[in-house]
Amino acid sequence: MATKEMNSHFAYAEKMLLQVSRTFALNINVLSGDLRKTVLLAYLYLRIADTLEDDPKLPASEKKRLLGLFASIFEEGTSVPERTRIFREALPADWANSSDPNYDLSLHAEWVVPLLWDLPEALIKPTLSVVREMCEGMGNSVVHQEASLAEGWYTLETQKELDDYCYFVAGIVGKMLSDLFYASSSRITEETWLEMKKWDVSFGLALQLVNIIKDVKEDSLRKVCFVPEAICRKHGFEHSYDMFLEGASEEARALVMQELVKKAWDHLNDAVRYTLLIPRVNLRVRLFCLWPLFMAAENLVIIGDCKALFSAEKKQKITRNTVKKIIGSTLFHFYSNRWILTKFENIRARA
């Protein structure tokens, strides 16, 4: 790809990052160099996969087909331009008439996808792997979801099913980040990298669980509930969706959600442990990890005893002022493991 064209296409990628996720753009933009470019592109590729999975009009069979076409672009040894063209031409024609930036991004896959291959090989391989694995997991999930919705609701039976879902949409991102950090930093030794890999899935799971907790009411409006049925039965509900019935016990459904909150805190503990393994000299990488973790922890503080999750008209989330405070404090203290641990424990104590 010519340099001028590549720069133009990367400018488009940067613009789209801000349009499809302002919060995550904040974290990505604290990174630098090829690592920043790789994480930015990987995020956009996963947004494309999310767009396919979440489209309300596409049947599951078509979603799975499109996810397969998208994943095929990232198979090693394939013709990237040809595979990308095939994927682009298979997208719904009416997406071109939409103002949704996620559709625009998908329609410009031929611009953003080839940019990855201008980066170092050590950064390309982890990205290829995570996109393929996520698309495969999503493809299986959409088929299961459609079959469940045909009977009324999409639900999960066990904690393992929830763990599997969270792994494919977020946990594997943690795996990719470990590999990218290791490949881009001479200060991360193989020993440290192997230790990081013990905790990296928890980094992704922590953030995903907090989102599931925050979005429980919003998800219910589309008849989706990620809270395992097994947990709900422990607290007197025959099905997870019974929590949303008028007259449902406020105490019982709060107890259900508190079990997920506890699990989220456990994953956040592991995620902090993961972050502390990153050498202090890699300050940008530390900040990239610290910001979303502290934001997730502060969101759990707001959620509190979980009762407001079912009654609040607006989704509970932290304020911009809280975000600014997190950024400001971590910029001064990112190097101190003691400060990070103390800060995290203080936040949890407020929950």
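The values are calculated or read from the model by the stated rules, or taken from the named source; none is laboratory data. Treat the numbers as computed from the prediction; the structure is a model and nothing was measured. All Cβ positions, glycine included, derive from the backbone under ideal geometry; neighbour counts span all protein chains shown.
Here are the criteria: (1) within 30 Å of LEU44 (Cβ to Cβ); (2) over 15 Å from the mean Cα position of the chain (by Cα); (3) in a helix (DSSP H, G or I). Tell me which single one ALA230 does not satisfy.
If we test ALA230 against (1) within 30 Å of LEU44 (Cβ to Cβ); (2) over 15 Å from the mean Cα position of the chain (by Cα); (3) in a helix (DSSP H, G or I), just (1) comes out false.
Over 21 Å from CYS306 (Cβ atoms) and in the same structural domain as CYS289 (by TED's automatic domain parsing), is that true of ASP164?
For ASP164, the condition - over 21 Å from CYS306 (Cβ atoms) and in the same structural domain as CYS289 (by TED's automatic domain parsing) - is met.
Would you check if GLU89 is assigned to a helix (DSSP H, G or I), surrounded by 13 or more Cβ atoms within 10 Å (Cβ to Cβ) and acidic (Asp, Glu)?
no
I'm checking my understanding of the structure. Among residues of the range 179-227 that are among the hydroxyl-bearing types (Ser, Thr, Tyr) and within 27 Å of VAL256 (Cβ to Cβ), which one is nearest to the chain's Cα centre (by Cα)?
Within the range 179-227, the match that is nearest to the chain's Cα centre (by Cα) is SER202.
Might you let me know whether the range 236-253 holds any residue that is under 28 Å from ARG22 (Cα atoms) and surrounded by 15 or more Cβ atoms within 10 Å (Cβ to Cβ)?
no
Of everything in the range 154-163, what is of a type outside the set (Val, Ile, Thr) and surrounded by fewer than 16 Cβ atoms within 10 Å (Cβ to Cβ)? Give them in sequence order.
GLU157, GLN159, LYS160
If you check GLU151, GLU110, GLU146, which single one turns out to be surrounded by fewer than 20 Cβ atoms within 10 Å (Cβ to Cβ), modelled with pLDDT of 95 or more and acidic (Asp, Glu)?
Matching residue, one of GLU151, GLU110, GLU146: GLU110.
Just to check your reading of the model, which residue among THR84, THR51 is in contact with a Phe, Trp or Tyr (Cβ under 8 Å, 6 or more places away or on another chain) and of a type in the set (Ser, Thr, Tyr)?
Just a single option satisfies the conditions, and that option is THR51.
What residue, of ASP164, ASP200, is modelled with pLDDT of 95 or more and not basic (Lys, Arg)?
ASP200
Condition first: among the charged types (D, E, K, R), in contact with a Gly (Cβ under 9 Å, 6 or more places away or on another chain) and either crowded, with 21+ Cβ neighbours inside 10 Å or closer than 18 Å to LEU40 by Cα (or both). Can you find one or more residues in the range 172-180 that meet it?
yes
Across the range 279-316, what is the number of residues that are among the polar types (S, T, N, Q) and either part of a helix (DSSP H, G or I) or under 25 Å from ASP200 (Cβ atoms) (or both)?
2
Can you tell me which residue is modelled with the lowest pLDDT among those in the range 313-351 that are surrounded by 11 or more Cβ atoms within 10 Å (Cβ to Cβ) and under 30 Å from GLU246 (Cα atoms)?
Per the stated criteria, the residue is LYS315.
Got a number for residues in the range 185-203 being surrounded by fewer than 23 Cβ atoms within 10 Å (Cβ to Cβ) and either in contact with a helix residue (DSSP H, G or I) (Cβ under 7 Å, 6 or more places away or on another chain) or not in a helix (DSSP H, G or I) (or both)?
Final tally of qualifying residues: 10.
Would you confirm, using the coordinates I've provided, whether LEU277 is crowded, with 16+ Cβ neighbours inside 10 Å and out of contact with any Cys (no Cβ under 7 Å at 6 or more places or on another chain)?
Yes; evaluated as a whole, the condition is true for this residue.
I'd like the full set of residues that are in contact with an Asp or Glu (Cβ under 8 Å, 6 or more places away or on another chain), part of a helix (DSSP H, G or I) and touching a residue at least 40 places away in the same chain (Cβ under 8 Å), limited to the range 134-168.
MET138, SER141, VAL142
Does the range 238-247 include one or more residues that are under 21 Å from the mean Cα position of the chain (by Cα) and either assigned by TED's automatic domain parsing to the domain that holds VAL285 or part of a helix (DSSP H, G or I) (or both)?
There is no residue in the range 238-247 that is under 21 Å from the mean Cα position of the chain (by Cα) and either assigned by TED's automatic domain parsing to the domain that holds VAL285 or part of a helix (DSSP H, G or I) (or both).
Would you please list the contacts, defined by Cβ atoms under 7 Å and residues six or more apart or on different chains, that run from a residue in the range 87-108 that is in contact (Cβ under 8 Å) with a residue 24 or more places away in the chain and in the same structural domain as GLY68 (by TED's automatic domain parsing) to a residue that is surrounded by 10 or more Cβ atoms within 10 Å (Cβ to Cβ) and among the aromatic types (Phe, Trp, Tyr)?
Here the result reads TYR103/TRP95; SER106/TRP95; HIS108/TYR12, each pair linking the range 87-108 to a residue that is surrounded by 10 or more Cβ atoms within 10 Å (Cβ to Cβ) and among the aromatic types (Phe, Trp, Tyr).
Before we move on, is ALA71 touching an Asp or Glu at 6+ places or on another chain (Cβ under 7 Å), over 20 Å from MET6 (Cβ atoms) and modelled with pLDDT of 95 or more?
yes
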